[in-house]
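The values are calculated or read from the model by the stated rules, or taken from the named source; none is laboratory data. Predicted model only: the values in this text are computed from it and were never measured. Reconstructed Cβ throughout: ideal geometry from the backbone, glycine too, with neighbour counts over all protein chains shown. Accessible surface areas use protein heavy atoms only, side chains included; no ligands, DNA or RNA. Shrake-Rupley method; radii C 1.70, N 1.55, O 1.52, S 1.80 Å.
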Amino acid sequence: MITAQLDAAPRGEVEHVFSLPHTPGAVSSIRRRIRTVLADWNLDADAAQDALLIVSELVTNAIVHALPPATLRLSRRQAGGHRAVRVEVTDMGPATPREPSLCPIDPDEHGRGLDIVTTLATRCGVDVHAGGTSRWAELGIAAS
């Protein structure tokens, strides 16, 4: 994990990197760790909750739908008077099921994660590169 205080980071950036275990309890564990980072960054409560929701959705997608290993990169940036929190999850791309699922997915409970991310984020996208697939979202935050 890489950590730095915002004042000490070059160009107003600070970044934390977390390896994501491919286990059922990973999302709640990561949420607790990210909640601590966001509190250290003194985000207002609404921005912190939005960031936590984005983290939850992107991490869940990586654990449920992609191949390990996966990494979460959380960064805070300041440029040109604008501040943003960036959430980026990199994994080894979509997992292809070997057999059709025996449990149909309930559309009332699943399938809205990326819509939530798109709604909350100022910007979001997907980058495919030699190291895997990165799904990212940036959340604009008010200057303090």
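For the stretch 32-41, give me each residue that is open to solvent by less than 80 Å² (accessible area, probe 1.4 Å) and not β-branched (Val, Ile, Thr).
Leu38, Ala39, Trp41 - these are the residues of the stretch 32-41 that are open to solvent by less than 80 Å² (accessible area, probe 1.4 Å) and not β-branched (Val, Ile, Thr).
Let me confirm something: among Val59, Val89, Val64, Val126, which residue is of a type outside the set (Ser, Thr, Tyr), under 24 Å from Ser28 (Cα atoms), open to solvent by 70 Å² or more (accessible area, probe 1.4 Å) and at pLDDT 90 or above?
Only one candidate qualifies: Val126.
Does the stretch 12-41 hold any residues that are part of a loop (DSSP other than H, G, I, E, B) and over 21 Å from Cys124 (Cα atoms), and which are they?
Within the stretch 12-41, Pro21, His22, Thr23, Pro24, Gly25, Trp41 meet the criteria.
I'd like the full set of residues that are among the basic types (Lys, Arg) and over 13 Å from Thr90 (Cβ atoms), limited to the stretch 33-77.
Quick first cut of the stretch 33-77, residues among the basic types (Lys, Arg) only: 33, 35, 73, 76-77.
Within the stretch 33-77, Arg33, Arg35, Arg76, Arg77 meet the criteria.
From the list Asp7, Asp44, exactly one residue is exposed (fewer than 14 other Cβ atoms within 10 Å of the Cβ), charged (D, E, K, R), on the phi < 0 side of the Ramachandran plot and modelled with pLDDT under 90. Which is it? Can you show your working first?
On the way: Asp44 fails: modelled with pLDDT under 90.
Just a single option satisfies the conditions, and that option is Asp7.
Give all pairs with beta carbons closer than 6 Å in which a residue from the stretch 66-85 that is more than 23 Å from Arg35 (Cβ to Cβ) meets a residue that is among the aliphatic types (A, V, I, L, M); count only pairs at least 6 apart in sequence or on separate chains.
Final answer for the pair search is Ala66/Ala95; Leu67/Met92; Leu67/Ala95.
Please work out if Leu20 is open to solvent by less than 30 Å² (accessible area, probe 1.4 Å), at pLDDT below 95, within 19 Å of Trp136 (Cα to Cα) and under 13 Å from the mean Cα position of the chain (by Cα).
Taking the combined requirement at face value, the residue satisfies it.
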